[in-house]
């Protein structure tokens with residue numbers, strides 16, 4: 001379970017193909033309530049990108065979040081399918 005304020009949470013997206021030549025890796029997100037932003041991601045292996053929460057403000061709202069990768073590799077620049085994940089309120 002992911003909770004509001006958790007640090008060290010890895011958000012990983014498998015692109016199902018080699019993205020090791022990527023020059024830009026970003027997770028665009030939409031918080032519960034509609035606010036948007038982005039996190040700089042890093043390559044994780046050759047097919048995945050990853051963002052690891054590092055501040056209590058990275059996941060600051062309980063509810064359903066949406067994360068959508070943006071990737072630039074030679075010959076392609078664009079978005080991948082969005083994924084949803086839930087953040088629970090602290091007990």
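The values are calculated or read from the model by the stated rules, or taken from the named source; none is laboratory data. In this text the structure is predicted, and so the values were computed from the model without any measurement. In this analysis, Cβ positions are derived from the backbone assuming ideal geometry, glycine residues included, and neighbour counts consider all displayed protein chains.
The residues on offer are 67, 62, 21, and the sole one that is surrounded by 15 or more Cβ atoms within 10 Å (Cβ to Cβ), more than 18 Å from residue 82 (Cβ to Cβ) and touching a strand residue (DSSP E or B) at 6+ places or on another chain (Cβ under 8 Å) is 62.
Residue 13 fulfils the conditions (1) assigned to a loop (DSSP other than H, G, I, E, B); (2) in contact with a strand residue (DSSP E or B) (Cβ under 8 Å, 6 or more places away or on another chain); (3) surrounded by 12 or more Cβ atoms within 10 Å (Cβ to Cβ) except for a single criterion, (1). Pairing residues of region 44-57 that are surrounded by fewer than 12 Cβ atoms within 10 Å (Cβ to Cβ) with residues that are at pLDDT below 95 and in a strand (DSSP E or B), at Cβ distances under 6 Å and at least 6 apart in sequence or on separate chains, gives no pairs at all.
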